[in-house]
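For reference, the structure is listed below as structure tokens.
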Amino acid sequence: MNRIFTSNGSFRSTLFRCAGGFLGGLIILCVSGTGAQARETMPQQERPPQADEIRELKIGFFSDALQLTPEQSQRFWPVYNEYWSARRELGRKRHAAHRAIREGRDAERQFEIVLGVMDAERKLMADYMAKFRQILPADKAVRVFVTDEDFKNFLIRKVTRKAPPETRK
């Protein structure tokens with residue numbers, strides 16, 4: 001986590017500038033994808049105002065954690081955004097199945113759907129690990145999914161630190 005705050009302060013200044021806009025919509029964006037994905041799929045009037053700020057934070061976070069060169073960054077982001085788009089679609093299917101399970105609808109069918117989504121998620125990660133490995137050195141490619149998790153946890157910590165005490169558990 002120490003590498004996030006670079007010596008030139010570029011990521012830190014972005015972090016502090018954007019920190020105030022985190023609360024509204026952050027958890028939704030964090031769980032369902034990045035601000036970049038929200039930006040691509042939502043019309044301008046429906047996009048949370050924090051989407052662009054979170055997108056900037058994610059770019060800075062990943063660039064710093066993975067130490068992406070400008071050339072690597074140029075090749076990485078289109079592939080990563082493609083991965084997130086596919087991941088979001090699988091997440092929608094999983095959430096729909098979970099909703100059906102909560103409502104008690106056709107348990108056997110939902111069981112099949114959930115297992116299918118889990119298989120698809122595993123395959124998606126394996127496919128994109130190979131794609132990331134084609135454009136990044138092994139030491140960076142292997143850290144993409146870890147950095148994803150680290151960024152999600154980073155956003156959650158920011159929200160829980162800013163949340164009023166009565167809303168924290």
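The values are calculated or read from the model by the stated rules, or taken from the named source; none is laboratory data. Remember, it's a predicted structure, so these values are computed and weren't measured experimentally. Cβ placement follows ideal geometry from the backbone for every residue including glycine, while neighbour counts extend to all protein chains displayed. Just so you know, the surface numbers come from the protein's heavy atoms only, side chains and all, with ligands and any DNA or RNA stripped out. Shrake-Rupley method; radii C 1.70, N 1.55, O 1.52, S 1.80 Å.
Some points to look at:
- Unique residue being touching a residue at least 40 places away in the same chain (Cβ under 8 Å) and of a type outside the set (S, T, N, Q) when the list is Leu155, Leu115: Leu155
- Every condition in (1) surrounded by 15 or more Cβ atoms within 10 Å (Cβ to Cβ); (2) closer than 22 Å to Gln74 by Cα; (3) touching a residue at least 12 places away in the same chain (Cβ under 8 Å) holds for Val142 except the one numbered (1).
- Qualifying residue in region 150-168 (condition: closer than 30 Å to Ala65 by Cβ, under 20 Å from the mean Cα position of the chain (by Cα), among the polar types (S, T, N, Q) and surrounded by 15 or more Cβ atoms within 10 Å (Cβ to Cβ)): no
- Top-ranked residue of region 64-76 - restricted to ones that are in a helix (DSSP H, G or I) and without any contact (Cβ under 8 Å) to a residue 40 or more places away in the chain, ranked as least open to solvent (accessible area, probe 1.4 Å): Ser73
- The residues of region 93-108 that are surrounded by 12 or more Cβ atoms within 10 Å (Cβ to Cβ) and either part of a helix (DSSP H, G or I) or under 16 Å from the mean Cα position of the chain (by Cα) (or both), listed by number, are Lys93, Arg94, His95, Ala96, Ala97, His98, Ala100, Ile101.
- Test: Gly9 is open to solvent by less than 20 Å² (accessible area, probe 1.4 Å), at pLDDT below 50, at positive phi and over 15 Å from the mean Cα position of the chain (by Cα): yes
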